[in-house]
Amino acid sequence: MIPLHHYLLVSAGLFILGIAGVLLRRNALIIYMSLEMILNASNLALVAFSRYNGDLNGQIFVFFIIAVAAAEVAVGLAIIVALFRLKQTTRVSDLTTLKL
Amino acid sequence: MEGTLFYIFSGAMLFLGLLVITSRNPVNSAIFLVLLLFFMAGLFVLLHAFFLAAIQVLVYAGAVMVLFLFVIMLLNVKDEEKSKNHWFGVLGSAFVTAALILEFFMLLRDGVPQLLLHQRDVVGTTEAVGKLLFSKYLLPFEVTSVLLLVAMIGVVVLSKKEKPS
């Protein structure tokens, strides 16, 4: 039996990689993929806690997170496509309409 | 057996995560992410969450990643040129890394709480998860369907071509 904190360590590592991707990359698509990685890291932690606690409610939570993530990806990619039509770019540093 | 599989899966996942955020071409990133999500489904199986493992493969590795690849192909995104990292990004990720490492040291110092399977083995089969979803979590489950409908309408509105007026 693998101890609980090994799962938490993997989850934290994935979370760190996701945060680094969001903060360091300039491509909106790769930022979105990093967001998916962050959500998956939290899913892993929830499922691990659920198993080690003997409680199934955590898995229901993960089910809802997956559903919300699917909806979020669809809307986000539509926004990226609309932005690309407008500006011909997916670099977030070129999207400066709101800048003073 | 279980331990070996866990270390293979998690090592591969962290390596693939690194590749996702470092590769220049978004198509490569997307392929690495699909592999990462498959390994995550493997970890779910090790945690006896069989229903979630199936859902993970179907929804993430299937639907979401197809959507990603489709958009990448549609936009014909070029390889990203090397750009100087903003100090804010480097500082931010260093801060998050430091915070999580600190948290782990505190967790290990206090001793990891071994809740560990005290009474019964919980197995996330479709039957068990479905029973919970349709009794205790019936309302959130129905609201999720509304959420998906809203997302669908939003996508249609967003990607509609504006009428020339």
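Where a number appears in this text, it was derived from the coordinates with a stated rule and is not lab data. Please read these numbers as outputs of a predicted model, since none were measured by experiment. Positions of Cβ are generated from backbone atoms using ideal geometry, with glycine treated the same way; all protein chains shown enter the neighbour counts.
Structure summary
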item: Max mean-square fluctuation residue, GNM over chain B, Cα-Cα springs under 10 Å, options B:138, B:35, B:69; result: B:138
item: Residue-wise HN-Hα coupling along region A:82-91, computed from phi with Karplus coefficients 6.51, -1.76, 1.60 (Hz; x: Gly, Pro); result: 5, 5, 5, 4, 7, 10, 6, 8, 10, 6
item: Structure-based [θ]222 nm, the protein assembly as shown - -39500 (n - 2.57) summed over DSSP H runs of at least 4, per residue, nearest 500; result: -24500 deg cm²/dmol
item: Top positive-direction residue, dipole computed over chain B with Cβ charges, set B:135, B:61, B:38; result: B:61
item: Pairs of Cα atoms farther than 14 Å apart, region B:24-97, %; result: 70
item: Derived scalar couplings ³J(HN,Hα) [region A:68-76; Karplus, 6.51 cos²θ - 1.76 cosθ + 1.60; whole Hz; x for Gly, Pro]; result: 5, 5, 4, 4, 5, 5, 4, 5, x
item: Additional length obtainable on full extension of the chain from residue A:42 to residue A:6, 0.36 nm per residue less Cα span; result: 11.5 nm
item: Shielding score for B:25-31, defined as the mean number of other chain Cβ atoms within 10 Å; result: 3
item: Chain B, relative contact order in percent, only Cα pairs under 8 angstrom and at least six apart counted; result: 21
item: Dipole-positive endmost among A:84, A:74, A:24 within chain A (Cβ charges, Cα centre); result: A:84
item: Calculated FRET efficiency for the pair residue B:27/residue B:2, C-beta based, R₀ 35 Å, to 0.05; result: 0.55
item: Calculated over chain A: convex hull of Cα atoms, volume per residue (Å³); result: 105
